[in-house]
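Comments concern the structure below.
The values are calculated or read from the model by the stated rules, or taken from the named source; none is laboratory data. What you are looking at is a predicted structure, and each value in this text was computed from that prediction instead of being measured. Here the Cβ positions follow ideal geometry from the backbone for every residue, glycine too, while neighbour counts run over all protein chains shown.
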Amino acid sequence: MKVVTTLEELWEARQALPNPLGFVPTMGYLHDGHLSLVRCAKRDNASVAVSIFVNPTQFGPNEDLESYPRDLARDLAMLEAEGVDLVWTPTAEVMYPPGSQTWVEVEKITKVLEGARRPGHFRGVTTVVAKLFNGVQPQRAYFGQKDAQQARVIQRMAQDLTYPIEIVVCPIRREPDGLAMSSRNTYLNPAERQAATVLYRALSAAKAAFQAGERDANALRKIMEDTINAEPLARLQYVSCADPDTLEEIHGKAEKALLSMAVYVGKTRLIDNMLLGTGKETF
Ligand code: PAF
């Protein structure tokens, strides 16, 4: 497994790798969710590249950039064990050369859900992912359904900028009790960790109602809200029952929907989602 930092090193290493190349962009502190993306990439491609970069431009001023968990040695050992061919660990100076003033911005679908609560977040994500794509030149790139809006935004960007890259979205990986895997789960103390299952419980309650015939979007949102509000350590930021394509909130009947939410458990902000009525687990 080759580990590179500069663009020159990356270009040289990339040239030596057989196509198709599958690419998994990450911010490190890898867990089984990331490894499932790597395994999908290995299954579909002749070679696999992973990037590890905690991208400062996608964090808001009051978010956890400084405290975001990092452990490069552990990440590299995990990727080596998965048989990854190339790992790119750029510095901030490589990704944002001094004097940088160019951004990639997807307009409409970044304004709702996470984008409405985290201004500038998706501008940071799309800018860095465009640069990562430019550097790695993959044929396929892998994203998790856990960050559902991010996956939709990247699909939109890849189409709009005519990247010749297939965007593959892989299912959410969950702990045995339902909690969606996330690097931020490490912030939770034992009581909070237990309470954090409330997101999956809320989604599952709404799914059960949907399966029993409930189609009213308000009713589905209310079921999720009530479940979250019954958990003393949880504080709801939003619940949504949205169109899975446009991500616009549904008012009236939901024949297919993306249920999603953001919930504070203690000081930790967690997100989760579930697709209903599409016949698929992912976008
Ligand atoms: O999902 C993530 O870890 C990040 O948003 C990504 C796609 C690596 C961009 O920094």
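Here are a few things to note about the model shown:
- Failed condition for His34, given (1) in contact with a helix residue (DSSP H, G or I) (Cβ under 6 Å, 6 or more places away or on another chain); (2) near the ligand (Cβ under 10 Å from one of its atoms); (3) part of a helix (DSSP H, G or I); (4) not polar (S, T, N, Q): (1)
- Of the helices (runs of 4 or more DSSP H) entirely within the stretch 63-146, those holding at least 2 residues that are more than 28 Å from Glu8 (Cβ to Cβ) and within 15 Å of the ligand (Cβ to nearest atom) occupy 113-117, 121-136.
- Some residue of the stretch 51-64 being in contact with a Pro (Cβ under 8 Å, 6 or more places away or on another chain), modelled with pLDDT of 95 or more and either closer than 19 Å to Pro20 by Cα or surrounded by 14 or more Cβ atoms within 10 Å (Cβ to Cβ) (or both): yes
- Criterion (buried (at least 20 other Cβ atoms within 10 Å of the Cβ) and of a type in the set (Val, Ile, Thr)) met by exactly one of Val129, Val104: Val129
- Selection within the stretch 193-244 - closer than 20 Å to Gly115 by Cβ and of a type in the set (Phe, Trp, Tyr): Tyr238
- Looking only at the stretch 152-184, residues that are in a helix (DSSP H, G or I), surrounded by fewer than 21 Cβ atoms within 10 Å (Cβ to Cβ), touching a residue at least 40 places away in the same chain (Cβ under 8 Å) and within 16 Å of the ligand (Cβ to nearest atom) come to 4 in all.
- The stretch 1-37: number of residues that are within 21 Å of Leu179 (Cβ to Cβ) and either out of contact with any His (no Cβ under 7 Å at 6 or more places or on another chain) or touching a residue at least 60 places away in the same chain (Cβ under 8 Å) (or both): 11
- Residue-level check: of (1) surrounded by fewer than 16 Cβ atoms within 10 Å (Cβ to Cβ); (2) under 25 Å from Pro69 (Cβ atoms), Thr197 misses just (1).
- Members of the stretch 210-241 found to be in a helix (DSSP H, G or I) and surrounded by 18 or more Cβ atoms within 10 Å (Cβ to Cβ), listed by number: Phe210, Ala217, Leu220, Arg221, Ile223, Met224, Thr227, Ile228
- Residues that are without any contact (Cβ under 8 Å) to a residue 12 or more places away in the chain and among the hydrophobic types (A, V, I, L, M, F, W, C) do occur in the stretch 75-84, at least one of them.
- Failed criterion for Phe53 (all others in (1) out of contact with any Ser or Thr (no Cβ under 9 Å at 6 or more places or on another chain); (2) under 22 Å from Trp11 (Cβ atoms) hold): (1)
- Residue in the stretch 74-94 that is within 17 Å of the chain's Cα centre (by Cα), among the hydroxyl-bearing types (Ser, Thr, Tyr) and surrounded by fewer than 19 Cβ atoms within 10 Å (Cβ to Cβ) present: no
- Condition check for Trp11: part of a loop (DSSP other than H, G, I, E, B) and under 25 Å from Met157 (Cα atoms): no
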